[in-house]
Amino acid sequence: MRAVAPPLPAARSIGELSRRTGVNIETIRYYERIKMLPAPPRTASGRRVYGPTETRSLTFIRRSRELGFTLEEIRALLALSAGDGKNTCAEVRQLAANHLTDVRAKIADLRAMARVLEDAVRRCDAGELPGCALIDTLSSSSSLQLVGRSRGRNSIKAA
């Protein structure tokens with residue numbers, strides 16, 4: 001059973017929390033369901049009540065998602081932020097360094113994709129091939145290939 005919260009001056013409704021953090025109401029509920037956010041106390045009428053702690057946590061989650069961290073990575077960051085502080089900075093640094101490696105790999109993949117698309121558009125503009133150069137490029141198994149990257153993600157490489 002959830003705690004019933006008395007009205008507090010800093011108490012916010014889910015709508016107000018959504019407005020303050022820029023996170024959709026359904027996303028807030030989803031984060032509660034998957035236990036990214038703790039279930040908030042409720043008023044006697046059953047309305048969720050949020051305070052500064054929830055606002056800070058949700059802002060942290062939103063900002064982390066904007067930086068491309070996965071939900072599991074964010075869980076780890078939240079757990080580290082709630083810890084005793086010993087070795088926290090080193091662990092957070094390692095998590096961020098791993099994420100940076102992934103981001104750099106994605107950037108390389110996007111550059112390779114851009115080169116392939118630029119070539120296809122150039123060939124299309126030049127009328128080098130009968131038919132459609134873009135369709136031919138997308139149909140060709142030699143123009144792009146999937147290569148495995150760290151942590152089970154796939155990326156695209158120009159051939």
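Here are a few things to note about the model shown:
- Restricting attention to region 50-76, the residues that are touching a helix residue (DSSP H, G or I) at 6+ places or on another chain (Cβ under 9 Å) and outside any helix (DSSP H, G or I) total 5.
- Looking at 61, 14, 34, 28, just one residue is without any contact (Cβ under 8 Å) to a residue 40 or more places away in the chain and surrounded by fewer than 12 Cβ atoms within 10 Å (Cβ to Cβ), and that residue is 34.
- When region 69-82 is limited to residues that are surrounded by 12 or more Cβ atoms within 10 Å (Cβ to Cβ) and small (Gly, Ala, Ser), the one that is farthest from the chain's Cα centre (by Cα) turns out to be 81.
- Scanning region 60-104 for residues that are among the acidic types (Asp, Glu) and either in contact with a Lys or Arg (Cβ under 9 Å, 6 or more places away or on another chain) or more than 17 Å from residue 31 (Cα to Cα) (or both) returns 84, 91, 102.
- Scanning region 41-58 for residues that are touching a residue at least 24 places away in the same chain (Cβ under 8 Å) and loosely packed, with under 15 Cβ neighbours inside 10 Å yields 43, 44, 47, 52.
Taken together, the values in this text are just the output of simple stated rules run on the coordinates, not laboratory data. The structure displayed is predicted, hence computed values, not measured ones. Virtual Cβ from ideal backbone geometry, glycine too; neighbours counted across all protein chains shown.
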